[in-house]
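J.: Got a structure for you, written out below as structure tokens; questions coming shortly.
The values are calculated or read from the model by the stated rules, or taken from the named source; none is laboratory data. Everything numeric in this text was worked out from a predicted model, so none of it was measured. Every residue, glycine among them, receives a Cβ derived from its backbone with ideal geometry; neighbour counts consider all protein chains shown.
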Amino acid sequence: MDYEKGLVEVADGVHAYLQPDGGWGWSNAGLLVGHDASLLVDTLFDLHLTSEMLDAMTPVTASRPIGTVVNTHANGDHCYGNQLVAGPGQRIVTTEAAAAEMSAVPPSLLTALVNSDLGEVTNRYVQEAFGAFDFAGIEVPEPDETFAGELRLEVGGRPVELIEVGPAHTAGDLIVHLPDASTVFCGDILFIGGTPIIWEGPVANWVAACDRILALGCGVVVPGHGPLTDAAGVRDVRDYLVFVEEASRECHAAGLTAAEAVADLNLGQFGEWGEWERIAVNVRAVYREIDGGDLSPVELFGAMAALRYPG
């Protein structure tokens, strides 16, 4: 899907910062501008990208500074730039579960992953996913405020509703609803044009999160990755998740291993989405719901790499 990088006003005083092509690490962010203050939804994967984004926002935020940062979840492409917006008079807010998860995958772990000898195919895949980003010098500050369930804020006279919908993509996903602008920032509950990846689950929670977004009836829907969307885009993601869960459970009931199930599945229209090889992780996530157990991140990247580059 074609769309441009940068800041775009999507509603009155509401901006999305988009990063094509929405693949690994190329995440979106958002900005709500009130009469004397602003709220930032997510930072980006490294300090350079976050600094570039903040510079693009300066014409708007110079007179209405960012006082609140909301992280939709703990993946680095949504929080590794936090140190550039942390300090006196500023607060970082996320769910309790996301805060606990932020230390689980520090930048040093991604640096080690990129620099490790994982075998030719996996190395190629990891380099293509993360080689464009610079994880040096990143320190992720602890959030200043956490919550569970829902939290209502006011920023510059404007209402903000934070709604926890995880565990789903990760342990602590939230969405940001701006009721006076009919806008919702969905974090990685939505990948548009790309394939969702189930790091945590259960899948039923993620489906319920899509239903929650649809129930809001917003005119503007900003995904964590990919172009702006609407209710149809939300339903597409929901359909994919339902397909993965139903197909995986059928394969499990038939006695197939997770690897056999991945090889057996016909993705149909979903095979045209970017990063389709994430099915290797998603099937295993459903099997984990049934049987327990798990694979390491290196093993999961190896499984995706083998699908992407067979032979």
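J.: Looking at the stretch 133-176, which of the residues that are among the acidic types (Asp, Glu) and in contact with a His (Cβ under 8 Å, 6 or more places away or on another chain) is surrounded by the fewest Cβ atoms within 10 Å (Cβ to Cβ)?
T.: Asp134
J.: Among the numbered criteria (1) free of Cβ contacts under 8 Å to residues at least 12 places away in the same chain; (2) in contact with a helix residue (DSSP H, G or I) (Cβ under 8 Å, 6 or more places away or on another chain), which one does Pro167 miss?
T.: Pro167 satisfies every listed condition except (1).
J.: On the basis of being assigned to a loop (DSSP other than H, G, I, E, B), modelled with pLDDT of 95 or more, more than 15 Å from the chain's Cα centre (by Cα) and farther than 27 Å from Ala168 by Cα, does Asp55 make the cut?
T.: Taking the combined requirement at face value, the residue does not satisfy it.
J.: So for the stretch 28-38 (the condition being hydroxyl-bearing (Ser, Thr, Tyr), out of contact with any helix residue (DSSP H, G or I) (no Cβ under 7 Å at 6 or more places or on another chain) and farther than 29 Å from Ser108 by Cα), does at least one residue qualify?
T.: No, there is no match, as no residue in the stretch 28-38 is hydroxyl-bearing (Ser, Thr, Tyr), out of contact with any helix residue (DSSP H, G or I) (no Cβ under 7 Å at 6 or more places or on another chain) and farther than 29 Å from Ser108 by Cα.
J.: Scan the stretch 209-218 and tell me whether some residue there is at pLDDT below 95, more than 16 Å from the chain's Cα centre (by Cα) and part of a helix (DSSP H, G or I).
T.: No; the residues of the stretch 209-218 include none that is at pLDDT below 95, more than 16 Å from the chain's Cα centre (by Cα) and part of a helix (DSSP H, G or I).
J.: Can I ask one more? Which ones in the stretch 118-169 are assigned to a loop (DSSP other than H, G, I, E, B) and among the acidic types (Asp, Glu)?
T.: Asp134, Glu139, Glu142, Asp144
J.: Here is a further query. Kindly check whether there is at least one residue in the stretch 248-258 that is farther than 25 Å from Ala74 by Cα, free of Cβ contacts under 8 Å to residues at least 24 places away in the same chain, within 21 Å of the chain's Cα centre (by Cα) and not in a loop (DSSP other than H, G, I, E, B).
T.: no
J.: Can you name the condition, by its number, that Arg308 falls short on among (1) surrounded by fewer than 21 Cβ atoms within 10 Å (Cβ to Cβ); (2) under 21 Å from the mean Cα position of the chain (by Cα); (3) of a type in the set (Lys, Arg)?
T.: Among (1) surrounded by fewer than 21 Cβ atoms within 10 Å (Cβ to Cβ); (2) under 21 Å from the mean Cα position of the chain (by Cα); (3) of a type in the set (Lys, Arg), Arg308 violates only (2).
J.: Would you check if Gly30 is in contact (Cβ under 8 Å) with a residue 24 or more places away in the chain, assigned to a loop (DSSP other than H, G, I, E, B) and closer than 20 Å to Pro223 by Cβ?
T.: When the stated conditions are applied, Gly30 does not pass them.
J.: Something else now. Looking only at the stretch 247-267, decide whether some residue is hydroxyl-bearing (Ser, Thr, Tyr), more than 26 Å from Val105 (Cα to Cα), modelled with pLDDT of 95 or more and surrounded by fewer than 19 Cβ atoms within 10 Å (Cβ to Cβ).
T.: Yes, because at least one residue in the stretch 247-267 is hydroxyl-bearing (Ser, Thr, Tyr), more than 26 Å from Val105 (Cα to Cα), modelled with pLDDT of 95 or more and surrounded by fewer than 19 Cβ atoms within 10 Å (Cβ to Cβ).
J.: For the stretch 135-163, what are the residues that are touching a Phe, Trp or Tyr at 6+ places or on another chain (Cβ under 8 Å) and of a type in the set (A, V, I, L, M)?
T.: Of everything in the stretch 135-163, those that are touching a Phe, Trp or Tyr at 6+ places or on another chain (Cβ under 8 Å) and of a type in the set (A, V, I, L, M) turn out to be Ile138, Val140, Leu162.
J.: Between Pro227, Pro179, Pro202, which is surrounded by fewer than 19 Cβ atoms within 10 Å (Cβ to Cβ) and closer than 25 Å to Trp26 by Cα?
T.: Within the list Pro227, Pro179, Pro202, the selection yields Pro202.
J.: Here's something else I'd like to know. Kindly list, by first and then second residue, each pair from a residue in the stretch 79-91 that is touching a residue at least 12 places away in the same chain (Cβ under 8 Å) to a residue that is of a type in the set (Gly, Ala, Ser), limited to pairs with Cβ atoms under 6 Å and residues at least 6 apart or on different chains.
T.: Hits for this filter: Gln90/Gly67.
J.: Conditions first: (1) touching a Leu at 6+ places or on another chain (Cβ under 6 Å); (2) surrounded by fewer than 24 Cβ atoms within 10 Å (Cβ to Cβ); (3) among the small types (Gly, Ala, Ser). Gly81 passes all but one, so which condition is the exception?
T.: Condition not satisfied by Gly81: (2).
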